[in-house]
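The values are calculated or read from the model by the stated rules, or taken from the named source; none is laboratory data. Given the structure is predicted, the values throughout are model-derived calculations rather than measurements. Neighbour counts run over all protein chains shown; Cβ positions are idealised from the backbone, glycine included. With ligands, DNA and RNA removed, areas are computed over all heavy atoms of the protein, side chains included. Shrake-Rupley method; radii C 1.70, N 1.55, O 1.52, S 1.80 Å.
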Amino acid sequence: MPNIEVILGDITKQAVDAIVNAANCSLLGGGGVDGAIHRAAGPELLAECRTLHGCETGKAKITKGYRLPAKYVIHTPGPVWQSGGYGEEALLRSCYRSCLELASQNGCETVDFPSISTGVYHFPLEKASRIAVGTIAAYLAEHPEIRRVRMVCFDARTKAHYDRALAELA
């Protein structure tokens with residue numbers, strides 16, 4: 001089974017090769033995870049993000065981690081949930097896959113993800129957790145260069161959903 005872990009914690013405190021930022025399309029910071037990562041990384045992150053000219057939903061871009069303990073930040077704008085009839089599931093899969101592809105291309109062996117799109121974007125947590133874990137497991141099965149991926153959950157409710165999705169994989 002691929003090396004996927006689920007932990008409760010603060011993604012801005014993780015000493016890994018890359019953390020993933022659940023960004024908005026501007027990449028210029030926002031609320032939730034995005035705002036926390038920008039605050040913890042310092043103004044240099046915003047300055048680098050300005051040079052990237054945004055990012056499409058489902059894609060990803062990478063920056064340095066600056067003042068974070070992570071070497072890199074991989075930014076991905078997740079889809080806003082609009083009833084499920086607008087390709088949201090495919091876009092969410094693409095977020096995870098795009099982030100992992102960038103991690104591979106940049107020599108990252110350890111990657112930590114937040115729960116993308118399940119906050120203010122209202123993606124149903126049960127669906128999102130299964131999509132995330134399934135997409136990550138499929139990628140890791142083909143890419144041994146990434147040794148470990150963790151889902152870093154902000155609260156116990158979110159962690160419970162990811163734990164369940166991971167158990168269903170086994």
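So here's what we get for this one:
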{"item": "Histogram of C-alpha separations across the chain, 10 Å bin width, %", "result": "11, 44, 38, 7, 0"}
{"item": "For the chain, with +1 on Lys and Arg beta carbons and -1 on Asp and Glu, the positive-most of 132, 110, 8 along the dipole", "result": "8"}
{"item": "Distance from the range 10-30 to the range 49-81 (C-alpha centre basis), Å", "result": "7 Å"}
{"item": "Percent of beta bridges antiparallel (DSSP, the chain, rounded to nearest 5)", "result": "20 percent"}
{"item": "Sequence-separation-based contact order of the range 33-170, relative, with Cα cut under 8 Å and 6+ spacing, percent", "result": "20 percent"}
{"item": "Pairwise Lys count, the chain - Cα closer than 24 Å, eight or more residues apart or different chains", "result": "8"}
{"item": "About the Cα centre, charge dipole magnitude for the range 86-126 (Lys/Arg +1, Asp/Glu -1 at Cβ), debye", "result": "80 debye"}
{"item": "CD proxy at 222 nm, helix term only [per DSSP H run n ≥ 4: -39500 (n - 2.57); per residue of the chain; nearest 500]", "result": "-13000 deg cm²/dmol"}
{"item": "Whole-number accessible area per residue in Å² for the range 26-170, which is evaluated in the context of all protein chains at 1.4 Å", "result": "47 Å²"}
{"item": "log₁₀ of I(q)/I(0) at q = 0.12, 0.15, 0.20, 0.24 Å⁻¹ - the range 35-136, Debye sum with one point per alpha carbon", "result": "-0.40, -0.62, -1.06, -1.34"}
{"item": "Span per principal axis, largest first, for the Cα atoms of the range 86-162 (Å)", "result": "32, 29, 19"}
{"item": "Mean Kyte hydropathy of 0.5 or more with a Cα span along the axis of at least 15 Å, helices from DSSP in the chain", "result": "125-142"}
{"item": "Carbon + sulfur, % of accessible area of the chain - ligands and nucleic acids excluded, 1.4 Å", "result": "52 percent"}
{"item": "Residues whose placed amide H lies under 5 Å from that of residue 70, excluding near-sequence neighbours", "result": "16"}
{"item": "Positive-end extreme of charge dipole, the range 90-168 - chosen from 94, 122, 151 (charges on Cβ)", "result": "122"}
{"item": "Cα-centred dipole magnitude for the chain, charges only on beta-carbon of K, R (+1) and D, E (-1), debye, nearest 20", "result": "220 debye"}
{"item": "Calculated diffusion of the range 12-89, Stokes-Einstein form, Kirkwood radius summed over Cα pairs, 20 °C and 1.002 mPa s, µm²/s", "result": "170 µm²/s"}
